Structure formats: C-alpha cells, structure tokens
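Worksheet for the structure shown next.
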Amino acid sequence: MLYVGIDTSLGAHVVCAMAADGQVVARTTVPNDQAGAEQFVAWLHPHAAPYARLAIGVEATSVYHVPLMEWLTQTPDLQRWQPTWYVLNPKVVQKFRETYVDRGKTDRADAALIADVMRFGRVTPWTPPDPRYAALQVLTRHRRQLSHLITQEKNRALVQLFVSGGSMPIRRSRFSRTSLG
C-alpha cells in the first residue's frame with residue numbers, strides 16, 4: 001500500500017507519498033486547478049507502480065480539497081490501484097500531530113502527517129458522494145444555513161421589539177407563518 005497525503009490550500013496541493021514502513025517515497029507540489037490535478041496523477045503513476053493499492057487522503061480544511069477529490073475519485077487513471085479515499089477531520093490530524101514533538105508545522109510536514117495518519121489506520125475511509133447529487137447537496141446545505149440565519153435574525157428582532165417596548169410580551173405571531181423557519 002502506498003499512502004498519499006495531500007495538504008491543500010488555495011494556491012497549491014503539497015503531496016507526500018509514504019510506504020507502509022513510514023519511508024517517504026516522493027514529494028511534489030501541484031497547482032490547485034484542473035491542470036494541477038492532472039499533473040498530480042501523472043506524477044503519481046511511476047511512484048505507485050510498485051504498489052498494489054493506494055490510500056489517498058486530505059485534511060478537510062475549508063473547501064480547497066473538494067474539486068481535487070471529486071476529480072480524483074472519478075478519473076479512471078487511478079482505478080487499477082483500487083484507491084481508498086480519506087477526508088480527515090482536522091481535529092484528528094491535529095491530535096496526531098501532537099504525538100510528534102519535533103515536527104514543524106509546514107505544508108510538507110502536514111502532507112507527510114496526513115499520509116502517516118492513514119498509515120496508522122485508525123481513521124474511517126471516505127465514500128465519495130454521487131456526482132449526480134453534488135449540486136443538490138450544496139443547495140440543500142445552503143438552504144439549511146439560510147434557514148438558521150433567518151431564525152437568528154427573527155430572534156434579534158423580537159429582542160429589539162421587547163427592549164424598545166418595555167415589558168411588551170414576546171409573541172411568535174409578530175411574524176407570519178410563512179416567514180417562520
């Protein structure tokens with residue numbers, strides 16, 4: 001198994017490939033765009049050739065990993081290695097980092113740390129979402145967030161009405177039923 005840790009950011013993906021014994025096999029940095037994803041796959045091929053399987057993982061910080069992981073999971077170029085995918089919780093990576101007292105916090109070190117987290121095997125693989133539903137997932141999450149924001153603003157408005165009206169009782173009927181979240 002070859003463990004590939006990717007530290008993602010707005011501008012680039014820093015990659016570390018690690019063997020099962022913890023030896024760093026190779027490192028690279030590719031741009032965070034379509035050309036960079038293709039460059040990453042081309043770079044990975046010769047390094048993964050001696051291995052039967054791949055484990056590819058990123059830390060889920062912000063959304064910088066989303067396009068890369070979406071593209072990687074759909075490209076047929078990696079399927080011969082039957083990759084296992086990981087999108088790691090940042091808290092897991094942070095706690096694992098604490099076990100290394102002498103390791104600095106750089107993109108290179110983080111990519112190796114992500115590969116090491118997968119190598120130790122105490123994390124759950126990630127199942128890529130069905131690409132047909134990705135847009136729907138984004139929209140429903142946005143709707144949910146808007147609903148929470150509307151509820152917050154209604155509560156602020158009710159407090160302001162109460163404060164400006166003295167001891168005026170707060171009634172939910174101040175807003176129409178359709179405006180309630």
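Rounded to two decimals, what ratio of Rg to Rh does the stretch 105-159 give with C-alpha atoms and a Kirkwood Rh? Taking Rh as the inverse mean 1/r over Cα pairs, Rg/Rh reads 1.27. By the rule of a C-alpha distance below 16 Å, with chain neighbours fewer than 8 residues away ignored, the aspartates and glutamates paired with residue 105 are 7, 59, 116. Heavy-atom accessible area, probed at 1.4 angstrom with all protein chains present, ranks 150, 56 as 150, 56, highest first. Can you give me the span-like helices of the chain, meaning DSSP H runs with 18 Å or more of Cα extent along the axis and Kyte-Doolittle mean at or above 0.0? For the chain, where a helix must reach 18 Å along its axis and average at least 0.0, the hits are 107-120. A cut-off of 5 Å between modelled amide H atoms, ignoring neighbours fewer than 5 places along the same chain, links residue 53 with 2. For the stretch 27-145, the Cα-based Rg and Dmax, in that order, read 15.3, 47 Å. Summed over qualifying helices (DSSP H, 4 residues or more, each -39500 (n - 2.57)) and divided by its residue number, the chain shows a 222 nm mean residue ellipticity of -14000 deg cm²/dmol. Phi angles of the stretch 16-28 translate, via the Karplus equation with coefficients 6.51, -1.76, 1.60 and θ = phi - 60°, into HN-Hα couplings of 10, 9, 10, 6, 5, 8, x, 6, 6, 7, 6, 9, 7 Hz per residue; Gly and Pro are given as x.
Amide H contacts of residue 25 (H built 1.01 Å from N, in plane; Pro and chain starts excluded): 17, 18, 19 sit under 5 Å, all sequence-distant by 5 or more or on other chains.
Summarising the strand pairing of the chain, around 55 percent of its internal DSSP beta bridges are antiparallel. The Cα trace of the stretch 61-127 gives Rg and Dmax of 13.2, 39 Å, the first to one decimal, the second as a whole number.
Computed with a 1.4 Å probe on the full set of protein chains, the accessible area for residue 77 sits at about 80 Å². Which loop trypsin sites (Lys or Arg not before Pro) in the stretch 48-125, with loop taken from DSSP, have no more than 14 other Cβ atoms within 10 angstrom of their Cβ? Passing both the DSSP loop test and the Cβ count: 53, 103, 105, 122. Which FRET efficiency value, to the nearest 0.05, is calculated for residue 20 and residue 109 with the Förster distance at 30 angstrom and r the Cβ-Cβ distance? The calculated FRET efficiency here is 0.90.
The values are calculated or read from the model by the stated rules, or taken from the named source; none is laboratory data. Bear in mind the structure is a predicted one, so any value in this text is a computation, not a measurement. Cβ: placed from backbone, ideal geometry, glycine included. Neighbour counts: every protein chain shown. For the accessible areas, the whole protein counts, side chains as well, though only heavy atoms, and no ligand, DNA or RNA atoms are used. Shrake-Rupley method; radii C 1.70, N 1.55, O 1.52, S 1.80 Å.
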